[in-house]
Amino acid sequence: MASVLIREAKEGDCGNILRLIRELAEYEKLSDQVKISEEGPCVVGYGLYYFIYSTWKGRNIYLEDIYVKPEYRGQGIGSKIIKKVAEVALDKGRSQFRLAVLDWNKGAMDLYKALGAQDLTEAEGWHCFRFEGEAMRELAGK
């Protein structure tokens with residue numbers, strides 16, 4: 001495996017990250033939903049996370065996206081990204097990090113489980129929901 005550096009993103013990485021976001025959207029068959037823009041060294045994957053708060057567990061991290069270019073998969077890069085997010089979470093005093101995965105992405109689910117993640121749909125029956133667009137406007141009376 002080629003040497004891979006897992007690090008926090010810098011401002012100069014925006015174009016490369018946007019390209020990866022577009023690839024992820026295409027992979028997930030959701031290309032039409034990417035509404036952001038930008039481009040430029042060789043970035044082969046990313047993990048996009050942010051801080052959240054859980055009523056029961058307190059401060060946590062949500063891993064919004066994890067993506068590795070297809071030609072670099074199977075080299076442990078995704079695992080390294082996930083391990084880095086776990087390291088950040090622990091360094092920041094967070095008790096857990098969460099993520100969601102599409103039901104057809106068995107490879108990702110198998111990886112997460114192999115790394116010790118708990119499938120909350122199986123374990124606790126959680127389902128994710130989203131409000132957007134017209135539904136949000138209607139709720140807000142706008």
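The values are calculated or read from the model by the stated rules, or taken from the named source; none is laboratory data. Small disclaimer: the values here were computed from a predicted structure and weren't measured. When we count neighbours, we look across all protein chains shown, and the Cβ atoms used for this are built from the backbone with ideal geometry, even at glycine. Keep in mind that these areas ignore ligands, DNA and RNA; they rest on the heavy atoms of the full protein, side chains included. Shrake-Rupley method; radii C 1.70, N 1.55, O 1.52, S 1.80 Å.
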Quiz item: Within region 108-136, can you find the residues that are acidic (Asp, Glu) and either in a strand (DSSP E or B) or open to solvent by less than 100 Å² (accessible area, probe 1.4 Å) (or both)?
Solution: Asp110, Asp119
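It is to be established whether one or more residues within region 34-42 are surrounded by 16 or more Cβ atoms within 10 Å (Cβ to Cβ) and at negative phi. Before you say what the answer is, go through the steps one by one.
Initial filter on region 34-42 (surrounded by 16 or more Cβ atoms within 10 Å (Cβ to Cβ)): none.
No, the conditions are met nowhere in region 34-42.
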Exercise. Pull up region 62-80, narrow it to residues that are out of contact with any Leu (no Cβ under 9 Å at 6 or more places or on another chain) and at negative phi, then point me to the one that is least open to solvent (accessible area, probe 1.4 Å).
Key: Ile77
Practice problem: Please give the strands (runs of 3 or more DSSP E) falling wholly within region 33-107 in which 2 or more residues are under 16 Å from the mean Cα position of the chain (by Cα) and under 21 Å from Glu23 (Cα atoms). | Solution: 45-54, 58-68
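Looking at Val88, Val101, which is the one that is open to solvent by less than 80 Å² (accessible area, probe 1.4 Å), β-branched (Val, Ile, Thr) and more than 20 Å from Glu28 (Cβ to Cβ)? Explain how you work it out, then say what you get.
Numbers: Val101 fails: more than 20 Å from Glu28 (Cβ to Cβ).
None of the other options fit; the residue is Val88.
Would you confirm, using the coordinates I've provided, whether Leu90 is modelled with pLDDT of 95 or more, farther than 18 Å from Val44 by Cα and in contact with a helix residue (DSSP H, G or I) (Cβ under 8 Å, 6 or more places away or on another chain)? Show your work before the answer.
Numbers: modelled with pLDDT of 95 or more: yes; farther than 18 Å from Val44 by Cα: yes; in contact with a helix residue (DSSP H, G or I) (Cβ under 8 Å, 6 or more places away or on another chain): no.
The answer is no for Leu90.
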Quiz item: Which condition number in (1) at pLDDT below 90; (2) in contact with a helix residue (DSSP H, G or I) (Cβ under 6 Å, 6 or more places away or on another chain); (3) among the hydroxyl-bearing types (Ser, Thr, Tyr) is the one that Ser3 fails?
Solution: (2)
Quiz item: Is it fair to say Lys142 is over 27 Å from Cys14 (Cβ atoms), of a type in the set (Lys, Arg), in a loop (DSSP other than H, G, I, E, B) and open to solvent by 90 Å² or more (accessible area, probe 1.4 Å)?
Solution: yes
Practice problem: Identify all residues within region 66-82 that are over 14 Å from Asp110 (Cα atoms) and either in contact with a Lys or Arg (Cβ under 8 Å, 6 or more places away or on another chain) or among the β-branched types (Val, Ile, Thr) (or both); write none if there are none. | Solution: Ile66, Val68, Ile77, Ile81
Practice problem: Scan Ala9, Ala25 and give me the residue that is surrounded by 13 or more Cβ atoms within 10 Å (Cβ to Cβ) and farther than 25 Å from Cys128 by Cα. | Solution: Ala9
